[in-house]
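S.K.: Can you keep this structure in mind? I'll have questions shortly.
The values are calculated or read from the model by the stated rules, or taken from the named source; none is laboratory data. In this text, all values refer to a predicted model and were calculated from it rather than measured experimentally. Here Cβ is always computed from backbone atoms with ideal geometry, including for glycine, and neighbour counts include all displayed protein chains. Ligands, DNA and RNA are stripped out before the accessible areas are found, and what is left, the full protein with its side chains, is counted by its heavy atoms. Shrake-Rupley method; radii C 1.70, N 1.55, O 1.52, S 1.80 Å.
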Amino acid sequence: MTTFPSSKGGSSHAQQSEPSNTGAGLASFTSIQVKPSIKFTGFTGEIQKHGPVLPVQNHLRGLTKAEMALAVVEMLNLHQQHSEVLGVVVTHIWEYYIVPGKLWEHYEGGKSQFMEDVAFSEFVGPTIKSSKATQSRKLRNIASLQAAWGVRWLN
């Protein structure tokens, strides 16, 4: 069964106001638009609960090969987009809340327990590295498009 990192504190966390320095990562996050025909959170919840076999089988059951091809492309793109959004969010939280506030100093068990509890080696660190590489590639590609087609290439 696939599991995803979650907060040990559940939903009892108080909301905090956004710091004034939000950085470019948030701008990238807000520009991502996902318009899937399957509801991602429900699909992900089913995968977390039952593993991938049943939810994927249920989603693809009864489809023609052409419909199945479209559905598979949609599922894979949806997970890629979710991964990209998650990467931007993890990076933003790390760079604008955790590191500047040295939040591990206010965590029971200190820095080593904090790093273990956020799965830094297995999840946070690799996610930040991957997200920065993805954002760097996107910026290079955008600059390349703007150089070739001008600044109005998006229109």
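S.K.: Take residue 130 and decide whether it is surrounded by fewer than 13 Cβ atoms within 10 Å (Cβ to Cβ) and modelled with pLDDT under 95. So that I can check it myself, show each step before the final result.
M.R.: Working: surrounded by fewer than 13 Cβ atoms within 10 Å (Cβ to Cβ): no; modelled with pLDDT under 95: yes.
No; evaluated as a whole, the condition is false for this residue.
S.K.: Okay, next question. Among the residues of the stretch 84-94, write down those that are modelled with pLDDT of 95 or more and surrounded by fewer than 18 Cβ atoms within 10 Å (Cβ to Cβ).
M.R.: 93
S.K.: Select, from 59, 106, the only residue that is more than 24 Å from residue 135 (Cβ to Cβ), over 21 Å from the mean Cα position of the chain (by Cα) and touching a residue at least 12 places away in the same chain (Cβ under 8 Å).
M.R.: On the way: 106 fails: touching a residue at least 12 places away in the same chain (Cβ under 8 Å).
Result: 59 is the single residue among 59, 106 that is more than 24 Å from residue 135 (Cβ to Cβ), over 21 Å from the mean Cα position of the chain (by Cα) and touching a residue at least 12 places away in the same chain (Cβ under 8 Å).
S.K.: A follow-up question, please. Just to be sure I understand, how many residues within the stretch 62-95 are β-branched (Val, Ile, Thr) and either free of Cβ contacts under 8 Å to residues at least 60 places away in the same chain or not in a helix (DSSP H, G or I) (or both)? Quick ask: steps written out before the conclusion?
M.R.: Keep residues of the stretch 62-95 that are β-branched (Val, Ile, Thr), which gives 64, 72-73, 85, 88-91, 93.
With either free of Cβ contacts under 8 Å to residues at least 60 places away in the same chain or not in a helix (DSSP H, G or I) (or both) added as a condition, the list becomes 64, 72-73, 85, 90, 93.
Count: 6.
S.K.: Let me ask something else. Looking at 95, 74, 105, 116, can you tell me which residue is closer than 30 Å to residue 56 by Cα and among the acidic types (Asp, Glu)?
M.R.: Working: 95 fails: closer than 30 Å to residue 56 by Cα; 105 fails: closer than 30 Å to residue 56 by Cα; 116 fails: closer than 30 Å to residue 56 by Cα.
Exactly one residue qualifies, and that residue is 74.
S.K.: Here's something else I'd like to know. Search the stretch 109-152 for residues being touching a residue at least 24 places away in the same chain (Cβ under 8 Å) and outside any helix (DSSP H, G or I), and hand back the single one that is farthest from residue 89 (Cα to Cα). Walk me through it before giving the result.
M.R.: Within the stretch 109-152, the subset touching a residue at least 24 places away in the same chain (Cβ under 8 Å) is 117-119, 123-124, 127-128, 130-132, 134-135, 138.
Narrowing the set further to residues that are outside any helix (DSSP H, G or I) leaves 118-119.
Values: 118: 14, 119: 15 Å.
Looking at the filtered set, the residue picked out is 119.
S.K.: How many of the residues in the stretch 62-78 are within 19 Å of residue 43 (Cβ to Cβ) and either open to solvent by less than 60 Å² (accessible area, probe 1.4 Å) or hydrophobic (A, V, I, L, M, F, W, C) (or both)? If you could, list the steps in order and put the result at the bottom.
M.R.: First, the residues of the stretch 62-78 that are within 19 Å of residue 43 (Cβ to Cβ): 62-63, 67-78.
Imposing the further condition that a residue be either open to solvent by less than 60 Å² (accessible area, probe 1.4 Å) or hydrophobic (A, V, I, L, M, F, W, C) (or both) reduces the set to 63, 68-76, 78.
Total meeting the criteria: 11.
S.K.: Return the only residue of 125, 101 being over 25 Å from residue 81 (Cα atoms) and open to solvent by less than 50 Å² (accessible area, probe 1.4 Å). Steps first, please.
M.R.: Details: 125 fails: over 25 Å from residue 81 (Cα atoms).
After applying the criteria, what remains is 101.
S.K.: Further question on the same structure: Within the stretch 104-122, which residues are open to solvent by 50 Å² or more (accessible area, probe 1.4 Å) and acidic (Asp, Glu)?
M.R.: Within the stretch 104-122, 105, 108, 116, 122 meet the criteria.
S.K.: Could you say whether any residue in the stretch 37-60 is modelled with pLDDT under 50 and not hydrophobic (A, V, I, L, M, F, W, C)?
M.R.: Yes: one or more hits.
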